[in-house]
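Below: the structure, in structure tokens.
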Amino acid sequence: MAFQVEVKHGTAAPARPEAVAGVVLGVKTLAVVADDTGRTRHVPNSRHLNTHLKRLRRASRTVSRRQGPDRRTGRVPSRRWYKANVERNRVHHRVANLRENALHKLTTSLAREYGTIVVEDLNVAGMLKNRRLARSIADASFGQIRRRLGYKTTWMSGRLVVAGRWFASSKTCSRCKAVKAKLPLSARVFRCDECGLVLDRDVNAARNLAALAAACRTGTGVAGDRDTPVSKPRGADRRPAPPAMAARPRRSGPVAQNPPRAGRKRETVVRTPNSRCGDRHGPSRPKGRDAGI
């Protein structure tokens, strides 16, 4: 016997309603949290899939050696295949449960403590195209962290601020707000050329995200504020423009409208220029029987 019950979720208040936290997600460290008071918190990445990858490979190898189903021939899988497939699904299920537990603990702790949380708008679909980091990025579940922070901050009467995708959080100095033109991904330490600040790359980005929330609230014109845009040197915060397409010269005279298709009689429709519309060419002359030849 099973039944469903609707329970109204009561709203609560975070422990620090005025506190602002910037959250930077990564692969080596799952999240770096920096608040407006200067405190920093590192959340390690458990890498649940890599931990169970050896066991998963062994279970998948066992399944491939059994007589499985075949839709083309109508072959029925054997009992040994069913048994091996259940063992493999058990490993997948355990990895998914461990990941869900870790993400829920992280997002719940952030929503309960801070009144305002700032995250980045990451292009996860584009990041998954990197064949070297695709498995680790998918295991970290960046999109799930942002989605759960969205509704959990609403439950706790908080606010979630999503920074723009082209906001230079890693290239901007958290002390003097100077923006670097280039910062490769291999450089894990941020070094400012203006004020000489040396700081971890993710900690510097988290501090910039925390400052972005205050800028959106007060409109002071800090880097990334939408109310008062600030120009960046060499266009570091601008999206690269698409390459210009060369204009093709138009051909004068008759233009074929219907291209030939395979398995169909070739037909060509010729547009007759009209002198009233300013065409240079006169009306086309009829040929063949219409010309009276």
FRET efficiency estimate (nearest 0.05) - Cβ-Cβ, residue 86 to residue 134, R0 22 angstrom: 0.20
Whose amide H sits under 5 Å from the amide H of residue 190, counting only residues 5 or more places off or on another chain, with H placed in the peptide plane? 199, 200, 201
Using the Karplus curve 6.51 cos²θ - 1.76 cosθ + 1.60 with θ = phi - 60°, what ³J(HN,Hα) values do you get for each residue of segment 111-128, in whole Hz, with x for Gly and Pro? 5, 6, 9, 9, x, 10, 10, 10, 10, 9, 8, 7, 8, 5, 4, x, 5, 6
Cβ under 14 Å from residue 93's Cβ, residue 93 left aside: what net charge do those residues give with Lys, Arg +1 and Asp, Glu -1? +3
A 28 angstrom limit on the alpha carbon distance is what I want to check against. Which of 105/180; 8/28; 54/171; 129/182 exceed it? 105/180; 8/28; 54/171
Anisotropy class of segment 1-145 from Cα gyration tensor, a/c 1.5 cut: prolate
Using each residue's phi in segment 135-148, evaluate 6.51 cos²θ - 1.76 cosθ + 1.60 at θ = phi - 60° and report the 3J(HN,Hα) Karplus result to the nearest Hz, with x for Gly and Pro. 5, 5, 5, 5, 5, 6, 6, 5, x, 5, 5, 5, 5, 6
Potential lengthening between residue 166 and residue 186 on full extension [0.36 nm per residue; Cα-Cα distance subtracted]: 5.3 nm
Can you list the HN-Hα couplings for segment 160-174, worked out from phi with the Karplus curve (6.51, -1.76, 1.60; θ = phi - 60°), rounded to whole Hz and with x for Gly and Pro? 10, 10, 9, 6, x, 5, 9, 6, 7, 6, 7, 8, 8, 6, 6
On the formula 1/(1 + (r/R0)^6), with r taken between the Cβ atoms of residue 123 and residue 65 and R0 of 51 Å, the FRET efficiency rounded to 0.05 is 0.80
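Throughout, read-outs are computed from the coordinates displayed, never taken from laboratory work. It should be emphasised that the depicted structure is a prediction, and the values quoted were computed from it without experimental measurement. Counting neighbours? That spans all protein chains shown, and the Cβs are built from the backbone with ideal geometry, glycine included.
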